[in-house]
1. So if I check each of L115, L110, which one is within 9 Å of the ligand (Cβ to nearest atom) and under 16 Å from the mean Cα position of the chain (by Cα)?
2. Listed residues G92, G109, G79, G121; which is in contact with a Phe, Trp or Tyr (Cβ under 7 Å, 6 or more places away or on another chain) and surrounded by 23 or more Cβ atoms within 10 Å (Cβ to Cβ)?
3. A297: under 20 Å from I259 (Cα atoms), out of contact with any strand residue (DSSP E or B) (no Cβ under 7 Å at 6 or more places or on another chain) and crowded, with 22+ Cβ neighbours inside 10 Å, yes or no?
4. For the structure I just gave you, tell me whether T173 is over 18 Å from the mean Cα position of the chain (by Cα) and modelled with pLDDT under 90.
5. Report, by residue number, each residue of segment 1-18 that is under 14 Å from R69 (Cβ atoms), more than 12 Å from the ligand (Cβ to nearest atom) and either within 21 Å of the chain's Cα centre (by Cα) or not in a loop (DSSP other than H, G, I, E, B) (or both).
6. What tally of residues in segment 84-139 results from selecting those that are over 20 Å from K28 (Cβ atoms), of a type in the set (D, E, K, R) and assigned to a strand (DSSP E or B)?
7. In segment 225-236, is there at least one residue being of a type in the set (K, R) and in contact with a Ser or Thr (Cβ under 9 Å, 6 or more places away or on another chain)?
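The values are calculated or read from the model by the stated rules, or taken from the named source; none is laboratory data. Being a predicted model, the structure only gives us computed values, none of them experimental. Don't worry about glycine lacking a Cβ; one is built from the backbone with ideal geometry, like all the others, and counts go over all protein chains shown.
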Amino acid sequence: MQIQELVDLKPFNTMAVAAKARYFTTIKTQTDVQEALAWATEHGVEPFVLGGGANLLITTEVLDRLVMRMAIEGLEVVGETDEVTYVKVGAGEDWHATVDRLITMGYAGLENLALIPGTVGASVVQNIGAYGTEVAQRVQEIEVFNPATDEVEAMRAQECDFAYRHSIFKDATHADLVVLSVTFALPKVWTPNLSYKELANQVEGLETVTARDVFEAVVAVRSRKLPDPKVLGSAGSFFKNPVVDHDQFLALLEKFPSIVHYDVGGGHQKLAAGWMIDQAGLKGHREGDAGTYEKQALVLVNHGEATGAELWRYAQMVKATVNAKFGVVLEPEPVIL
Ligand SMILES: Cc1cc2nc3c(=O)[nH]c(=O)nc-3n(C[C@H](O)[C@H](O)[C@H](O)COP(=O)(O)OP(=O)(O)OC[C@H]3O[C@@H](n4cnc5c(N)ncnc54)[C@H](O)[C@@H]3O)c2cc1C
């Protein structure tokens, strides 16, 4: 294991923020994880596991941590039942490439999550979701390194407290677990999930719809709506869609009859943060190099040289503007460092 100092993180975060890591190491094996964590303890430095940096905003010029860039590889079929095939994938594998590869190998089930940037390990941390699918639906087991016991432990999906953009790995009690691999349970009998109209429209006219068709449809729809991180820095959706109770929703509906909302049960409604930001007049707005994406107001973008602090200030402005108009508090989706 090699520790580097003051490494430029711009290539390692999709917001393209030019921050530096005080210490940096690349993780290729479980032993690397153990050695890096031991080094961090010995030097009194807090570790930080970095995947593809697609769900982060680094607000400081120098991140005073040991950045452990997850690069554990591997993909293998590890078992099957009559219903599913189990495929174990290394935490450092690229998410989109994995979905693509699995479909080529004949394993469907993750196609609705195509083109989400980042790594396989982080997919379960965030419980990534898109087009009516969440990764939690396909997770069988997660292998983690637990620094408290100095051991590798296997966690079943049911133990991970998966919810909308949430898992147990985000809780303070479990945040120090390092995901080493994820085993997916992929259905042998597959039916396409075309519950999203845009996706259904994209495959309209096809006689039979394959997982590859859905994969390509997702890529096409996403490419039209979301910025390519290689071209324009972003972390995808910057705010979570807020959930409000029945009374607050009725008051909002009276004032804003066209408010976009989804019933999430229990008398609660989920509101579309992007719609609210748009209504607040901020779609395509820009202050210096920090701005809101012109095609999707929920996405904050770095037009070039915005610093993390500038992007964070811009996010605060968006939050305050939406709060002033709707009385709704937006929470950031990415991890703020
Ligand atoms: C253009 C764009 C579109 C996006 N669209 C979507 C979308 O549709 N749906 C969606 O859900 N998300 C979306 N995202 C967000 C992002 O892609 C996901 O959150 C993704 O899972 C982040 O993966 P990452 O490897 O880059 O994680 P990072 O940003 O590197 O890390 C995120 C968090 O996970 C932790 N972490 C990472 N790897 C590990 C590990 N192995 N063990 C323990 N902790 C770990 C980190 O410490 C950090 O706290 C989008 C982002 C972009 C830029």
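1. Values: L110 fails: within 9 Å of the ligand (Cβ to nearest atom).
None of the other options fit; the residue is L115.
2. Numbers: G92 fails: in contact with a Phe, Trp or Tyr (Cβ under 7 Å, 6 or more places away or on another chain); G79 fails: surrounded by 23 or more Cβ atoms within 10 Å (Cβ to Cβ); G121 fails: in contact with a Phe, Trp or Tyr (Cβ under 7 Å, 6 or more places away or on another chain).
None of the others qualify; the one that does is G109.
3. yes
4. Values: over 18 Å from the mean Cα position of the chain (by Cα): yes; modelled with pLDDT under 90: yes.
Answer is yes for this residue.
5. Q4, V7, D8, K10, P11, listed by residue number.
6. Residues meeting the conditions: 1.
7. yes
To keep it simple, each residue is scored yes or no on (1) within 16 Å of the ligand (Cβ to nearest atom); (2) within 28 Å of Y314 (Cα to Cα).
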{"site": "Q30", "(1), (2)": "yes, no"}
{"site": "A40", "(1), (2)": "yes, no"}
{"site": "L63", "(1), (2)": "yes, yes"}
{"site": "M68", "(1), (2)": "yes, no"}
{"site": "I72", "(1), (2)": "yes, no"}
{"site": "T85", "(1), (2)": "no, no"}
